[in-house]
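Bear in mind these aren't lab numbers, they're just calculated from the coordinates by the rules spelled out. Remember, it's a predicted structure, so these values are computed and weren't measured experimentally. We place every Cβ from the backbone using ideal geometry, glycine too, and count neighbours over all the protein chains shown.
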Amino acid sequence: QVQVVESGGGLVQPGESLRLSCVASGIIFRMNTINWYRQAPGKERELVATITSSGSTNYADSVKGRFSISRDNAKNTGNLQMNSLKPEDTAVYYCQLARNSRKYWGQGTQVTVSS
């Protein structure tokens, strides 16, 4: 059984940082692409960052230069480092592991940026 668990969310002030983590089990982690999505209230879920099995990365324009995605295959862990956070980054953040047609989601972690 595949499990994906996010952690690291919280309440921070604008300009501060958070590091989200995503730990997976029951899956050949290194062969999966890791996607981080977010969904704000009343908005559609949007793709924030991607790291492929080979380590290639991609970011939404709204987070380029502020967010950094990484992975540690030895620990079955993906990370999203979020710097210079803005109120508009407030959302539930979800980790997705994807390989071909198979996609596995975590339960999400809340990030709130507010003064």
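With 0.36 nm allotted per residue and the present C-alpha distance subtracted, the residue 57-residue 19 stretch has 12.0 nm of extension available. Taken along the Cα-to-beta-carbon direction at a fixed 7 Å, the label points for residue 68 and residue 2 span 2.8 nm.
Of the GluC sites (Glu not before Pro) found in the range 12-115, the ones in coil according to DSSP and having at most 15 other Cβ atoms within 10 Å of their Cβ are 16, 44.
For residue 86, the aspartates and glutamates whose Cα comes closer than 12 Å to its Cα, not counting residues fewer than 8 places off in the same chain, are 16. Straight-line cross-link reach from residue 64 at under 15 Å between alpha-carbon atoms covers these aspartates and glutamates, not counting any fewer than eight positions away in the same chain: 46, 88, 89.
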